[in-house]
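Participant: My questions will all concern the structure given below.
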Amino acid sequence: MLHLRIGSLSAAMLALSPGPLPLRPPAALEPAPISIATRVLRAHVAFLADDALEGRATGSHGDLVAVKYVAAQFRRLGLEPAGDSGSYLQRVPLLGRTPSPSLRIAGESAALRA
């Protein structure tokens, strides 16, 4: 079992919000503008997309670094953990795949037609 990759765009956007979000009951929710400085967003995206994270393949060292980075941002923002054992992570079974692309060309070759 591996840690769930917190890589969805919505989770990343929430992680990059400027400060703690107030917790209110659903009935009291009202639309509020959220502002994210472009430079801050670029910095987070640049880190998460950097080659140093080795593509963030499931279960890789780069994946673990990305997961810890996003969890640290959640903590910094004061978001309440909702994962396993009071953490920001949830254990789920994940399956990693490595594609093996191949090319096959069928038909007569140009040399045979001449």
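Here is a yes/no grid of residues against (1) part of a loop (DSSP other than H, G, I, E, B); (2) at pLDDT 90 or above:
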{"residue": "P22", "(1), (2)": "yes, no"}
{"residue": "A32", "(1), (2)": "yes, no"}
{"residue": "I36", "(1), (2)": "yes, no"}
{"residue": "F47", "(1), (2)": "no, yes"}
{"residue": "A52", "(1), (2)": "no, yes"}
{"residue": "T58", "(1), (2)": "yes, no"}
{"residue": "A82", "(1), (2)": "yes, yes"}
{"residue": "Y88", "(1), (2)": "yes, yes"}
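Participant: Still on this model: Return yes or no: is Y69 in contact (Cβ under 8 Å) with a residue 24 or more places away in the chain, open to solvent by less than 70 Å² (accessible area, probe 1.4 Å) and not small (G, A, S)? Walk me through how you get there before you give the answer.
Facilitator: Numbers: in contact (Cβ under 8 Å) with a residue 24 or more places away in the chain: no; open to solvent by less than 70 Å² (accessible area, probe 1.4 Å): yes; not small (G, A, S): yes.
Against the criterion (in contact (Cβ under 8 Å) with a residue 24 or more places away in the chain, open to solvent by less than 70 Å² (accessible area, probe 1.4 Å) and not small (G, A, S)), Y69 does not qualify.
Participant: Name the residues in the stretch 82-91 that are open to solvent by less than 50 Å² (accessible area, probe 1.4 Å) and touching a Phe, Trp or Tyr at 6+ places or on another chain (Cβ under 9 Å), would you? Give the steps one after another, and end with the answer.
Facilitator: Let us first name the residues in the stretch 82-91 that are open to solvent by less than 50 Å² (accessible area, probe 1.4 Å), namely 83, 87-89.
The one that is open to solvent by less than 50 Å² (accessible area, probe 1.4 Å) and touching a Phe, Trp or Tyr at 6+ places or on another chain (Cβ under 9 Å): Y88.
Participant: Find all pairs meeting these conditions: Cβ atoms under 8 angstrom apart; at least six residues apart or on different chains; first residue within the stretch 74-85 and within 20 Å of S35 (Cα to Cα) and touching a residue at least 40 places away in the same chain (Cβ under 8 Å); second residue polar (S, T, N, Q) and surrounded by 11 or more Cβ atoms within 10 Å (Cβ to Cβ).
Facilitator: L77/S17
Participant: Does D51 satisfy being without any contact (Cβ under 8 Å) to a residue 12 or more places away in the chain, open to solvent by 70 Å² or more (accessible area, probe 1.4 Å), over 17 Å from V40 (Cβ atoms) and not β-branched (V, I, T)?
Facilitator: Answer is yes for this residue.
Participant: Within the stretch 54-64, take every residue that is open to solvent by less than 50 Å² (accessible area, probe 1.4 Å) and free of Cβ contacts under 8 Å to residues at least 40 places away in the same chain and give me the one that is farthest from R97 (Cα to Cα).
Facilitator: Applying the filter and picking the extreme gives G62.
Participant: Residues of the stretch 72-81 being open to solvent by less than 30 Å² (accessible area, probe 1.4 Å) and closer than 22 Å to A52 by Cβ, which ones?
Facilitator: Q73, F74, listed by residue number.
The values are calculated or read from the model by the stated rules, or taken from the named source; none is laboratory data. Note that this is a predicted model, so its numbers are computed, not measured. As a convention, Cβ positions derive from the backbone with ideal geometry for all residues, glycine included, and neighbour counts pool all protein chains shown. To get the accessible areas, we keep the full protein, side chains included, count just its heavy atoms, and leave off ligands, DNA and RNA. Shrake-Rupley method; radii C 1.70, N 1.55, O 1.52, S 1.80 Å.
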